[in-house]
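A.B. asks: Can you keep this structure in mind? I'll have questions shortly.
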C-alpha cells in the first residue's frame, strides 16, 4: 500500500512531466511553424519581398541599420512576428516586452508599416529569412582566396592593352624604316650594274604627289567621300531627332544612385513604388526619403544636417514636392507599361536603364527608340518556367523548335504600343 505522501509525490511528478511535455510541444511548434517552409519556391518568392521592403535596413546574419533577421520566428510566436512586420508600432504599443526592448536598443527607430503584404508574402518572407542565402564560411573564405590569387578577372588589364598597342605601332615603324633602307640599298646596287638609261631613269624616278592630287581620279574619289560623309551626317542627325541617349540633367537634389542603390543596396522598388503594379515607376515623394533621412541627417560623419538632406526637410516642412527632372521620356504616341515588363516579364531594371547602381548622376543609358524595342522583342526569350501567365501560350508554342520569344506573343504588333 502506498502512503498519502507517496501518492502526492507521484501526482506532483506527473504534473511536472505534463507541464514539461506541453512546453516542449509549444517550443517545437514555436520554431517549426508549418507556414515557414524550406522550399526553393518559397525562399525565392521571399527573397523578392525582402529585397523590395527589408534589404535597405536589414541583413540576415549581421546587424545593420536594424537587427539581424535570421531566427526571428524562433524568438517570438510566428503570428506576433507577422504582426510586427505589418505594423511594428501597434505591437510595441500592445506591451510586447521583447519588441519594446528592441525598439529602445535601436534608438527608437520606427520601422515602416507593411500592411500591404499578404499572408503568403509574410510566409515566404519568413521562409527566406530562416533558410535563404546561408553562406558556408569555409567556402566563402576559399572563394575569396581564389579570387585574390586569380586576380580581378580573366581579361587583360587596360594598361597592358595600351602597352601592346604601343609595341605594335613601334614594330610597324621599324618595318617601314627597314623597307626604306632596303629600297635605298637596292637602288644604289642596281645603279652600279651598268644599266641602260631607260632602266636607270625608271629606278631613279621619284613620286610626284602634285600630279596625283590634280588627277581626275583623285578629285572624283575625294568628292565622293565628302558627299558620302555629308549625307551620313545628315541621316544620322535625322535619326537622332527625339533620341536623348546620354541625357543627364542636373537635379534639384544631388541624389546618388551609386550610394543608395550601389553601396547601400536599396532595392529600386523601395523608392519607385509603382514599377511592379502600374504603368509608371513613380518618382519617389519626399515622404519616402524621410523614412530613412529622419534618422540619417548628415553625410560622411559631419555634424548637423547636410545641405542636400536639408532640402528634403524643407520640402516636407513647406508641403512642397521635390521638382525632380524626368530623365527617360517617351513620345506620347508610344505606350509602355513597367509592371508588364518587371512583374510579368521579370526584366531587371539594368536591362533598359544600364548600370544604375554605379551612376552618381542618372543618365539615359539606352536609346529607347522603336528599333531598339523591336530588336529586344525579337531576341528576348520569355521566362515561362513557374509563370502561370504563360501556360497556355507554352502549350500552343510546343510544336515549334525555337524558344518562345516576345515576338511570338504579339510583341511586334503595332497596336501593342500604338493605339
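We did not get these values from a lab; they are worked out from the coordinates using the rules stated. Because the structure is predicted, anything quoted here is derived from the model rather than measured. We place every Cβ from the backbone using ideal geometry, glycine too, and count neighbours over all the protein chains shown.
A.B. asks: Hey, rough spin-label estimate for residue 339 and residue 206, points 7 angstrom out along Cα→Cβ, what's it come to in nanometres?
C.D. replies: Each label point is offset 7 Å from its Cα along the Cβ direction, giving 8.0 nm.
A.B. asks: Please give, to one decimal in nm, the separation of the simple spin-label points placed at residue 134 and residue 75, each 7 Å out from Cα toward the Cβ.
C.D. replies: 1.9 nm
A.B. asks: What ranking, highest mean first, results for peptides 223-229, 251-257 when packing means the other Cβ atoms within 10 Å averaged over each residue? Write down the numbers at each step before the final one.
C.D. replies: Details: 223-229: 10.0, 251-257: 15.6.
Sorting 223-229, 251-257 by mean packing, highest first, produces 251-257, 223-229.
A.B. asks: How big, on average over all directions, is the shadow cast by the Cα convex hull of the stretch 167-206, in nm²? Present the calculation step by step, with values, prior to reporting the outcome.
C.D. replies: Numbers: hull surface 12.0 nm².
Averaging across all directions leaves 3.0 nm² for the Cα convex hull.
A.B. asks: Which Rg and Dmax, in Å, describe the Cα atoms of the stretch 40-134?
C.D. replies: Calculated on Cα positions, Rg and Dmax stand at 12.5, 36 Å.
A.B. asks: Next question, about the same structure. Take each of the peptides 233-239, 78-84, average the number of other beta-carbon atoms within 10 Å over its residues, and list them starting from the highest. Present the calculation step by step, with values, prior to reporting the outcome.
C.D. replies: Details: 233-239: 9.7, 78-84: 18.9.
In descending order of packing, they fall as 78-84, 233-239.
A.B. asks: Hey, another quick one. Along Cα→Cβ, 7 Å out, is where each label goes; now give me the distance between the ones at residue 187 and residue 259 in nm to one decimal.
C.D. replies: 6.7 nm
A.B. asks: Cα convex hull of the stretch 369-419: how many Å³ per residue? Display every interim value, and only then the final one.
C.D. replies: Working: hull volume 4.4 nm³, N = 51.
It is 87 Å³ per residue.
A.B. asks: I would also like to ask the following. Would you mind pulling out the separation of the Cα centroids of the stretch 375-419 and the stretch 311-346, in Å?
C.D. replies: 28 Å
A.B. asks: Using Cα centres only, tell me the gap between the stretch 192-259 and the stretch 30-103 in whole Å.
C.D. replies: Centre-to-centre distance over Cα atoms comes out at 65 Å.
A.B. asks: Something else: Ranking request for peptides 186-193, 262-269: highest mean number of other beta-carbon atoms within 10 Å first, then the rest in descending order. Show your work: numbers first, answer last.
C.D. replies: Values: 186-193: 10.6, 262-269: 16.8.
Put in order of decreasing packing, that is 262-269, 186-193.
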